[in-house]
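These notes concern the structure reproduced below.
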Amino acid sequence: MRRPAKLNILITGASSGMGEACARALAPLGHSLVLGARSADKLKKLQKELSKKASGKIVAKTVDVQSTASVKAFTAFGLKSLGSLNVVLACAGLARGLEPIETITDDELEEMVRTNVEGLVKTLRATLPHLKKSGWGYVMAIGSTAGHAVYEGGGTYCATKHGVKALMQTLRLELCGHNIRVTSLDPGMVETNFSVVRFKDKSRAQKVYQGMTPLTGQDIATCVQWLLTLPEHVNIDEMIIKPLDQASHTGAKVHRRK
Ligand code: 8X3
């Protein structure tokens, strides 16, 4: 089956950051979207706003990717609303703190593993049968340069992003022959609310990007749009996307103007 002109796209982590930017970029192109995130208010607002400009259907439902039941209900809602699913854009993910392995708290450890690794598996487990059924599918997950390198204080976060890479590599093997593309989008420094969530401190978060020009969520959305235009037989396995000012996969070599 050839790629449908208009796709049915399910997005997790859709209420902010890269997920929101992707939703904003894809809605005006006529695709139909199922938006999911934990934050009901932001999600509703976004859904209302995008529905005004979109020719496709834009629906939204809260989802906690850590919960199997929640992911199942979200997927069922998406299917009922749109009839089928072609694309899963797994953007739900987070970092918490910068504690060494010796002192990381259970809360930080568990939230990262449950969201970034378990949440991705749960999202894929619920949606893959429907991607197969649709006849033309695409799975994109937000990985990170932290899936290609490690840094002090990033042990658990890097482990989860190395995990995302392993999951996507495995998925490519398991889906071979099913007309489903699998891409890991692996950004470096992107200025979203990522560092605010990580540090729970706005001024500390701002310092991460001080004097340099980070990527924006829109930059990642541009990559997603491009991926969706490639010929049928092409699969981009991994995209490492970094700001020009960031030369290393970690923050070790960043050009700062002040
Ligand atoms: C985010 C990149 O360098 O903060 O995934 O770990 S980094």
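The values are calculated or read from the model by the stated rules, or taken from the named source; none is laboratory data. Since we're looking at a predicted model, the values are computed, not measured. As a convention, Cβ positions derive from the backbone with ideal geometry for all residues, glycine included, and neighbour counts pool all protein chains shown. Remember, those area values only see protein heavy atoms, side chains included, never the ligands or the DNA or RNA. Shrake-Rupley method; radii C 1.70, N 1.55, O 1.52, S 1.80 Å.
Of all complete DSSP H helices in the chain, those with a Cα span along the helix axis of 27 Å or greater and a mean Kyte-Doolittle hydropathy of -1.0 or more are 155-174. In the chain, the DSSP beta bridges split such that about 5 percent are antiparallel, to the nearest 5.
Between region 84-110 and region 189-217, the C-alpha centres lie 16 angstrom from each other. Note on His130: accessible area approximately 40 square angstrom, rounded to 10, probe 1.4 Å, nucleic acids and ligands left out. Between region 220-258 and region 57-71, what's the alpha-carbon centroid distance in Å? After rounding, the separation between the Cα centres reads 27 Å. Simple point charges give the picture: +1 on the Cβ of Lys and Arg, -1 on the Cβ of Asp and Glu, and for the chain a dipole about the Cα centre of about 1080 debye. Over all pairs of different C-alpha atoms, the chain has a mean inverse distance whose reciprocal, the Kirkwood radius, equals 18.4 Å. Nonpolar atom fraction for the chain, defined as the carbon and sulfur part of the 1.4 Å probe accessible area, stands at 54 percent. Take the Kirkwood radius over Cα pairs of region 71-163, plug it into Stokes-Einstein at 4 °C and 1.567 mPa s, and you get 90 µm²/s for translational diffusion. With the helix formula -39500 (n - 2.57) applied to DSSP H stretches of n ≥ 4, the chain reaches a computed 222 nm mean residue ellipticity of -12500 deg cm²/dmol.
Remark: region 1-141 carries 44 Å² of accessible area per residue (probe radius 1.4 Å; ligands, DNA and RNA excluded). Counting only residues at least eight positions apart within a chain, or on another chain, the lysines with an alpha carbon under 21 Å from that of Lys132 are Lys6, Lys72, Lys80, Lys122. Taking 7 Å steps out from each Cα toward its Cβ at Lys207 and Thr68 produces label points 4.3 nm apart. Comparing Lys122, Lys242, Lys42 in a Gaussian network model of the chain (Cα springs below 10 Å), the most mobile by mean-square fluctuation is Lys42.
All C-alpha pair distances within region 119-258, sorted into 10 Å bins from zero, spread as 11, 37, 33, 15, 4, 0 percent across the bins.
Taking a straight line from the alpha carbon of Lys242, these lysines sit under 16 Å away, with near neighbours fewer than eight places off in the same chain left out: Lys161, Lys253. Computing FRET efficiency as 1/(1 + (r/R0)^6) for Lys57 and Lys258, where r is the C-beta to C-beta distance and R0 is 35 Å, gives about 0.15. Computed about its Cα centre, the charge dipole of region 24-147 is approximately 1140 debye, with only Lys, Arg, Asp and Glu carrying charge at their Cβ.
All C-alpha pair distances within region 1-128, sorted into 5 Å bins from zero, spread as 2, 12, 21, 22, 18, 11, 7, 4, 2, 1, 0 percent across the bins. For region 1-66, the convex hull spanned by the alpha carbon atoms encloses 82 Å³ per residue.
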